[in-house]
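See below for the structure under consideration.
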Amino acid sequence: MNDTSKGPSSAGRYCYPHPHPAVTTDIALFTIRDGRLEILLVRRAAPPHAGAWALPGGFVEPDECLEDCALRELAEETGVKGVYLEQLYTFGDPRRDPRERVISVAYYALAPLQRVAGAVAGSDAAALAWFAVDALPELAFDHGAVIARALERLRAKLDYSTIAFQVMPRKFTLGELQEVYETILGEALDKRNFRKRVQAFGLVHPLGEMRRAAGRRPAALYRAAHPERVDIIK
């Protein structure tokens with residue numbers, strides 16, 4: 001069937017004459033620092049919401065796929081590269097951006113601190129900072145809702161993936177692994193139940209080595225049972 005709603009564009013192509021919404025990507029990048037779960041934010045240099053804190057992100061180019069846009073914007077605004085991004089959710093409230101109708105496809109990631117510690121403010125960012133997820137500043141657009149959704153997904157991943165191992169060293173104690181789980185969840189876990197669950201699911205492999213620290217009992221060291229399959233939010 002011929003579509004008579006199309007008309008020629010200036011480039012000689014056919015397109016729909018009705019207005020098109022703009023599309024952006026936003027990135028919620030988490031890490032663990034000093035025992036806290038933190039998220040990377042940039043201070044907006046231009047209106048709207050100039051001076052407010054926001055997630056890194058920006059408009060998708062006409063010939064660009066969504067994930068490429070997210071990776072590009074993250075690199076341009078923060079200098080962070082080489083992290084695996086998972087698509088989170090699409091935010092499409094018509095009032096979410098005062099400039100025009102903007103649909104945002106959000107991504108999230110959990111990265112070890114050593115990979116993202118060198119983040120610096122780049123284009124379109126007046127400043128950059130890490131914030132604890134329970135002490136966020138006033139945020140631009142609907143980025144508070146985006147972060148809440150990303151945090152919910154990240155916490156849910158602990159139940160069915162190896163996401164926590166992404167921020168673990170090669171050798172670790174079960175106590176250190178439990179601390180990461182507790183940091184992400186924001187709550188304390190029962191030590192005995194946690195260890196039973198981790199070992200029952202075959203997530204860790206004992207190394208037969210002990211870590212000794214002054215004033216503390218020696219602790220057994222472990223590694224991820226299948227390090228080649230560690231889930232990098234995937």
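Suppose the filter is farther than 26 Å from GLY58 by Cα, outside any helix (DSSP H, G or I) and not aromatic (Phe, Trp, Tyr); does SER123 pass it? I'd like the intermediate steps shown before the answer.
Working: farther than 26 Å from GLY58 by Cα: no; outside any helix (DSSP H, G or I): yes; not aromatic (Phe, Trp, Tyr): yes.
It is false that SER123 is farther than 26 Å from GLY58 by Cα, outside any helix (DSSP H, G or I) and not aromatic (Phe, Trp, Tyr).
Taking segment 169-224 as the region of interest, how many residues are touching a helix residue (DSSP H, G or I) at 6+ places or on another chain (Cβ under 9 Å) and among the hydrophobic types (A, V, I, L, M, F, W, C)?
Residues that pass the stated criteria total 15.
Which is under 21 Å from PHE165 (Cα atoms), surrounded by fewer than 17 Cβ atoms within 10 Å (Cβ to Cβ) and modelled with pLDDT of 95 or more, of ALA117, ALA132? First the steps, then the outcome.
Working: ALA117 fails: modelled with pLDDT of 95 or more.
Step by step, each of ALA117, ALA132 is checked, and only ALA132 is under 21 Å from PHE165 (Cα atoms), surrounded by fewer than 17 Cβ atoms within 10 Å (Cβ to Cβ) and modelled with pLDDT of 95 or more.
Kindly provide the set of residues from segment 81-96 that are modelled with pLDDT of 95 or more and touching a strand residue (DSSP E or B) at 6+ places or on another chain (Cβ under 8 Å), ordered by number.
Correct list: LEU85, GLU86, GLN87, LEU88, TYR89, THR90, PHE91, GLY92, ARG96.
Could you give every pair whose Cβ atoms fall below 7 Å, whose first residue belongs to segment 82-103 and is surrounded by fewer than 17 Cβ atoms within 10 Å (Cβ to Cβ), and whose second residue is part of a strand (DSSP E or B) and among the aromatic types (Phe, Trp, Tyr), counting only separations of at least 6 or pairs across chains?
The qualifying pairs are GLN87/TYR107.
Could you identify the single residue in VAL146, VAL133, VAL198 that is over 30 Å from VAL120 (Cβ atoms), in contact (Cβ under 8 Å) with a residue 12 or more places away in the chain and of a type in the set (A, V, I, L, M, F, W, C)?
Values: VAL146 fails: over 30 Å from VAL120 (Cβ atoms); VAL133 fails: over 30 Å from VAL120 (Cβ atoms).
Just a single option satisfies the conditions, and that option is VAL198.
Among the residues of segment 64-84, write down those that are under 16 Å from ALA119 (Cβ atoms) and acidic (Asp, Glu). If you could, list the steps in order and put the result at the bottom.
Going residue by residue through segment 64-84, those that are under 16 Å from ALA119 (Cβ atoms) are 70-83.
If the condition is that a residue be under 16 Å from ALA119 (Cβ atoms) and acidic (Asp, Glu), then GLU73, GLU76, GLU77 are the ones that fit.
Which members of segment 201-234 meet the condition of being among the small types (Gly, Ala, Ser) and farther than 22 Å from LEU154 by Cα? Lay out the reasoning, then the answer.
If we filter segment 201-234 for residues that are among the small types (Gly, Ala, Ser), which is where we start, we get 202, 208, 213-215, 219-220, 224-225.
Hits for segment 201-234 are GLY208, ALA213, ALA214, GLY215, ALA219, ALA220.
Exactly one condition in (1) in a strand (DSSP E or B); (2) within 15 Å of the chain's Cα centre (by Cα) is not met by ALA75; state its number.
Result: ALA75 passes all but (1).
The values are calculated or read from the model by the stated rules, or taken from the named source; none is laboratory data. Everything numeric here is computed off the predicted structure, so don't read it as measured data. Note: ideal-geometry Cβ built from the backbone for every residue, glycine included; neighbour counts use all protein chains shown.
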